[in-house]
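Just so it is clear, none of the values below were taken in a lab; they were calculated from the coordinates. Please read all numbers here as calculations on a predicted model, not as lab measurements. Note that we place each Cβ from the backbone using ideal geometry, even for glycine, and neighbour counts take in every protein chain shown.
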Amino acid sequence: MRLWQQLCLQDLTVPWLIIGDFNCVLRGDEKKGGKEPHTSCINEFSDWMDDNNLFEADSLGCKLTWTNGQSGTRRILSKLDRAIINEAWLNKFANWRRKALPREVSDHSTLFGFPFVALRPKHAPFRIQKMRFTHPDFLRMVKASWNAPVYGNPDFLFPFTLKRLKEAIKLWNQTVFGNVNTRFKQAQLKFEVASRNYDEDPHDE
């Protein structure tokens, strides 16, 4: 018996979120390749959700979350991983979404949930990235900024020098590496698109 079949959620006022591998599809179009999904299993899964007043959370990302790791005609893809919620969860977290990331190491997509509307902080924190230390000009730039002359009260000198170094690093980083976050998001988007295209056409590797 599957784990979800053993769950009976009595208190409908408690917010419920069940996220993970249900090892079953809800519709016939949630599987590609291999044998047709068993109608009895689909009906059992659907009835269990109805009996417990559950429904699937809004989802983003990969539609098919599991693969058998094969290619071509032997490739099988299914939507086995999902986030199931009840009305109390939706009332408490109205903008909550589930996203399935492209499969990288595991045969399952990684799932994570997040509020769909998230306010960006006005002042994003400044972070040092490891790649900067490997660049041959990094230490030279740091020394030049730190050793540049500055005059004033001793209590003023140290924080001013740090602030000036921070601005120098940001400018140097933009010149040398460009906008790393934007480039990373673009690369991530290309990977997600390529993964979805491969799911749609397993022959196109």
Which entry is the computed Cα Rg over 2.2 N^0.38 Å for this structure: (1) 1.23; (2) 1.03; (3) 1.51? (3)
Going by amide H atoms built from the backbone, whose H comes under 5 Å of the H on residue 112, apart from near neighbours? 99, 101
In terms of the Cα gyration tensor, with a ≥ b ≥ c the square roots of its eigenvalues, is the stretch 12-68 rounded because a/c is under 1.5, prolate because a/b exceeds b/c, or oblate? oblate
The chain - mean residue ellipticity at 222 nm from DSSP helices (-39,500 (n - 2.57) per run, n ≥ 4, rounded to 500): -12000 deg cm²/dmol
Among 127-135, 76-84, 24-32, how do they line up from the highest to the lowest mean number of other beta-carbon atoms within 10 Å? 76-84, 24-32, 127-135
Quick one: work out the % antiparallel among DSSP beta bridges in the stretch 24-157, nearest 5. 80
Residue by residue, what Karplus-based ³J(HN,Hα) values in Hz, rounded to whole numbers, does the stretch 24-36 have, using 6.51, -1.76 and 1.60 with θ = phi - 60° and x for Gly and Pro? 6, 9, 9, 9, x, 7, 8, 9, 10, x, x, 6, 5
Kindly provide the GluC sites (Glu not before Pro) of the stretch 49-116 that DSSP labels as loop, not H, G, I, E or B, and whose Cβ sees at most 16 other Cβ atoms within 10 Å. 104
Residue 65's amide H: which non-local residues (gap 5+, or another chain) put their own amide H closer than 5 Å, with H modeled 1.01 Å from N in plane and none for Pro or chain starts? 78, 79, 80, 81
